[in-house]
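Below is one structure, written out as structure tokens, with a few remarks after it.
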Amino acid sequence: MMSFDYDGYTASPEKVLEAVQKDYWTQYVDLNRHQVFVARTYLWVAAAMIGALFVAFEGFRSPLLESGAFGLAAFALAAALAIVAFGICLYAIPARKGYRLVHTNGWGELSHEAYSILKDRSPNLHATFLALLIRRFDVATNHCLKTNSRRAKLLRATSWLLIVSFACALGSGVIYLVRTGL
């Protein structure tokens, strides 16, 4: 019977486990933190834009109403888009469907699984447990990736809504200036 290099083999899954763990913690901590920071920034931008638009409307109500349907429509569209962007961003902050942990009932669960492999007298306990742990990290990382992807799409939509809202507000201002001859 041929002898196998199990020590060499188990060194490979250990390296794979290190890489999978880095991916998991990047999805679970780093990207989550960054997305929440971006969402809070977009919320502030949307709130400031909504406030500025309402102040502008109060200050220029009669000239804005006299500027015509296009100017008023552009202004109303700018306000509506800013409000929608605020709502979408607020919806995006919590992680929908959440993040998946490597364990479901605490970290002790993993030691129980290692013990169960030992109790079954499974050969190569270390390699078998590494494969199990890699699979668990993989499943959790993929779930976290999907959660982050969904949030990223909402944040991209928010950014585009804010850009279009700002463009509509500028367009409304240009229409006002053209109509008044300034």
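The values are calculated or read from the model by the stated rules, or taken from the named source; none is laboratory data. Just so it is clear, the model here is predicted, and its values are computed rather than measured. Here the Cβ is made from the backbone with ideal geometry for all residues, glycine too, and neighbour counts use every protein chain on show.
The table that follows gives values for the structure above.
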quantity	calculated
Hits in segment 112-127 (condition: over 18 Å from L17 (Cα atoms) and either part of a loop (DSSP other than H, G, I, E, B) or in contact with a Lys or Arg (Cβ under 7 Å, 6 or more places away or on another chain) (or both))	D120, R121, S122, P123
Criterion (out of contact with any Gly (no Cβ under 9 Å at 6 or more places or on another chain), part of a helix (DSSP H, G or I) and in contact (Cβ under 8 Å) with a residue 24 or more places away in the chain) met by exactly one of L130, L101	L130
Segment 76-130, subset in contact with a Cys (Cβ under 8 Å, 6 or more places away or on another chain) and not small (G, A, S), residue surrounded by the most Cβ atoms within 10 Å (Cβ to Cβ)	L81
Residue count, segment 162-179 (criterion: of a type in the set (V, I, T) and more than 34 Å from the chain's Cα centre (by Cα))	3
Residue in segment 56-71 that is within 11 Å of S165 (Cα to Cα), over 18 Å from the mean Cα position of the chain (by Cα) and not aromatic (F, W, Y) present	no
Single residue of V55, V38 found to be modelled with pLDDT of 90 or more and more than 25 Å from H143 (Cα to Cα)	V55
Failed condition for G71, given (1) within 30 Å of Y9 (Cα to Cα); (2) buried (at least 19 other Cβ atoms within 10 Å of the Cβ)	(1)
